[in-house]
Amino acid sequence: MAVQQMDQELIKYCEQVAQTWLSSPIYDEETKAAVRAMVECEDKTALIDAFYQTLEFGTGGLRGIMGPGTNRMNKYIVGAATQGFANYIRKAFPQAKDGELSVVVGHDCRNEGRMYAESVAAIFSANGIKAYLFESLRPTPEISFAIRQLGAVAGVNVTASHNPKEYNGYKAYWSDGAQVLAPHDKGIIDEVNAVKMEDVKFEGNPDLIQIIGGEMDWDYIQAVHEALIDQEVINKQKDLNIVYSAMHGTGRVIVPMALRSWGFQNINVVPEQMEVDGNFPTVVSPNPENAEAMTLGMKLGTKLNADLVVATDPDADRLAIVCRDSKGEWAILNGNQTALMFAYYIIENKKKLGQLLPTDFMVKTIVTSELIMEIAKKNNVECRDCYTGFKWIAREIALSEGKQKYIGGGEESFGFLPYDKVRDKDAPASICLICEIAAWAKEQGMTLYDLLMKIYLDYGFSYNHTINVVKPGKSGADEIKAMMENFRQNRPTSLGGSKVILAKDFGTLTQYDGEGNASAFEMPATSNVLQWFTEDGTKISVRPSGTEPKIKFYVEVKGEMGCANCYPSACQTAQQKVDAIAKELGL
């Protein structure tokens, strides 16, 4: 009865909010018609999901399903976010006159993306802030680069990255080219939350909007060259057979151009996936983490007898890599393996060429493989841990700027940044570097797969597996919250048959040893993440996704691998342990 009463109250609330949209002259007739249909429908699920809350402008900006409603991505919610962002910028630079401050605005291939980007540029210009608007879709890392290159105070990229086609998003950047961190993130959020729809200045000032494009592409391509380590390797293997897929997104022009500029000459593209299309017709989901998305690339790779297949997600910040295994079959590398390979090659070859300095450092996120830390440690290279999200890697770069050189950093979710000219994940630069690594491996008589086996044999085997539990809608959000609270209050004492010797709660910055004794630990901020470390070296990390309706469990298991041919059996044994842990956690 109580649940039914709550549902009725929620329906009443959503109907009241919807009525404010229907009665306001701000919203267009198409929007009102869609809202009216939800109100009049007997099933109120769509109404509730669209209006039960206002889509939260978080520390990474906005991301949500497109459509009318306060909890949806649409030009009104995007407009309110931009007005709040503009208000914060004007307060941060109170002495600036109209036109003295500038922002960079871009978008990817998503449906409605161009319209949102033009609206964002118009609102900034209406607030006296010059907007550099890209002429058409561009990669996320190029937006980050352009902010720094143009001396802009901020930027916005309209993208939902690798989310399904129903989504769009809004990434907010600050003057360093990184997504906003404290104190700006909280300040922007406060300003956005204070905006009323009637405050939004939708009518732009054309004099303060400048279209940019090819010249910035050129500058970005030149910057990407700084990720190159050994030109001689490429010169010897310039015919490396590469297949590339843009997954219908922004890498379609930049990636082939960047590869050619490095000296690679045998670049083949997946034609069906070079077509710009926000409906992503050739994939179930445009996510490089999903093996299905690489099917067409592998098919073409087989036809052309390619050395490797690479792909970028729609906004070209994440990359996927497929290489030949010991039997010549295609093997899809996961994000941890990709990051391992980058870390190994950067350290080994910079050392060989005399480019590695004692002050150089790398960065990884707390949920990424500990094997990267092991590689760095054995080579006397500093490796830092940070929170999930490249804004935290960017923070480490900024903290050491002028004192120590950043030489690479990444996270398990298929993102890597091999140089410091950009302050976000950079798939074009990373793809160029992985092709250099493949060329180097080929020169040594190895494939990328062989190189991965060598890393495991030299530094130890570890197996990483991520479990995603999807919980959509309001009820799903409530379930995820309850799951995190339950794990927080009921810490496991053993997992996979091994005692938990360290439990970390990043929400309170409290850690517990194997006997339950509590102590504080330091991080730059709190975060809704839990970690458990066991006696046998297993690491489990738990966190709600910041971009999708899911809770994620990252499991890393250490194992034994006596030879390269032992890899499949080592993985099988490790997966059995992962399955046992999942069962213990009730997944």
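The values are calculated or read from the model by the stated rules, or taken from the named source; none is laboratory data. Bear in mind that the values here come from a model prediction, so they are computed numbers and not experimental data. Counting neighbours? That spans all protein chains shown, and the Cβs are built from the backbone with ideal geometry, glycine included. Only protein heavy atoms, including side chains, enter the accessible area calculation; ligands, DNA and RNA are left aside. Shrake-Rupley method; radii C 1.70, N 1.55, O 1.52, S 1.80 Å.
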Exercise for review: Find the residue count for the stretch 64-81, including only residues that are assigned to a helix (DSSP H, G or I) and open to solvent by 20 Å² or more (accessible area, probe 1.4 Å).
Suggested key: 1
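Matching residues to (1) closer than 30 Å to residue 183 by Cβ; (2) polar (S, T, N, Q):
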{"position": "34", "(1), (2)": "no, no"}
{"position": "37", "(1), (2)": "no, no"}
{"position": "47", "(1), (2)": "no, no"}
{"position": "50", "(1), (2)": "no, no"}
{"position": "53", "(1), (2)": "yes, yes"}
{"position": "72", "(1), (2)": "yes, no"}
{"position": "76", "(1), (2)": "yes, no"}
{"position": "91", "(1), (2)": "yes, no"}
{"position": "97", "(1), (2)": "yes, no"}
Exercise for review: Would you mind finding the one in 549, 544 that is touching a residue at least 40 places away in the same chain (Cβ under 8 Å), in contact with a helix residue (DSSP H, G or I) (Cβ under 6 Å, 6 or more places away or on another chain) and more than 25 Å from residue 395 (Cα to Cα)?
Suggested key: 549
Check your understanding: Of the residues 500, 469, which single one is outside any loop (DSSP other than H, G, I, E, B), open to solvent by less than 40 Å² (accessible area, probe 1.4 Å), modelled with pLDDT of 95 or more and under 17 Å from residue 582 (Cβ atoms)?
Key -> 500
Review point. Name the residues in the stretch 480-493 that are open to solvent by 50 Å² or more (accessible area, probe 1.4 Å) and either under 24 Å from the mean Cα position of the chain (by Cα) or within 30 Å of residue 375 (Cα to Cα) (or both), would you?
Key: 481, 493
Review point. Hey, among 548, 556, which residue is assigned to a strand (DSSP E or B), open to solvent by less than 40 Å² (accessible area, probe 1.4 Å) and within 23 Å of residue 387 (Cβ to Cβ)?
Key: 556
Check your understanding: Among the residues of the stretch 559-573, is there at least one that is under 30 Å from residue 165 (Cα atoms) and under 30 Å from the mean Cα position of the chain (by Cα)?
Key -> no
Revision key, fill the gap. In the set 275, 289, the lone residue that is modelled with pLDDT of 95 or more, in a loop (DSSP other than H, G, I, E, B) and of a type in the set (Asp, Glu) is 275
Practice item. Would you mind finding the one in 395, 324 that is open to solvent by less than 50 Å² (accessible area, probe 1.4 Å), touching a residue at least 40 places away in the same chain (Cβ under 8 Å) and among the charged types (D, E, K, R)? Key: 324
Exercise for review: Scan the stretch 44-63 residue by residue and report those that are assigned to a helix (DSSP H, G or I), surrounded by fewer than 21 Cβ atoms within 10 Å (Cβ to Cβ) and more than 27 Å from the chain's Cα centre (by Cα).
Suggested key: 45, 46
Check your understanding: Does any residue in the stretch 204-228 that is within 16 Å of residue 133 (Cα to Cα) and touching a residue at least 40 places away in the same chain (Cβ under 8 Å) come within less than 6 Å, Cβ to Cβ, of a residue that is in a loop (DSSP other than H, G, I, E, B) and open to solvent by 50 Å² or more (accessible area, probe 1.4 Å) six or more places away or on a different chain, and which pairs are these?
Key -> 211/135; 213/135
Exercise for review: Tell me, yes or no, whether the stretch 259-271 has at least one residue that is farther than 27 Å from residue 225 by Cα, open to solvent by 20 Å² or more (accessible area, probe 1.4 Å) and more than 20 Å from the chain's Cα centre (by Cα).
Suggested key: no
Practice item. Tally the residues that are more than 23 Å from residue 463 (Cβ to Cβ), under 23 Å from the mean Cα position of the chain (by Cα) and free of Cβ contacts under 8 Å to residues at least 40 places away in the same chain, restricting the search to the stretch 356-385. Key: 1
Study note, to complete from the structure: If you go through 181, 137, 150, 133, the only one that is crowded, with 19+ Cβ neighbours inside 10 Å and farther than 25 Å from residue 248 by Cβ is 181
Check your understanding: residue 155: within 24 Å of the chain's Cα centre (by Cα), assigned to a strand (DSSP E or B), of a type outside the set (A, V, I, L, M) and at pLDDT 95 or above, yes or no?
Key -> yes
Check your understanding: Within the group 236, 186, which residue is surrounded by fewer than 17 Cβ atoms within 10 Å (Cβ to Cβ), over 17 Å from residue 123 (Cβ atoms) and in contact with a helix residue (DSSP H, G or I) (Cβ under 7 Å, 6 or more places away or on another chain)?
Key -> 236
Practice item. Taking residue 456 as the residue in question, decide whether it is within 28 Å of residue 570 (Cα to Cα) and not in a helix (DSSP H, G or I). Key: no
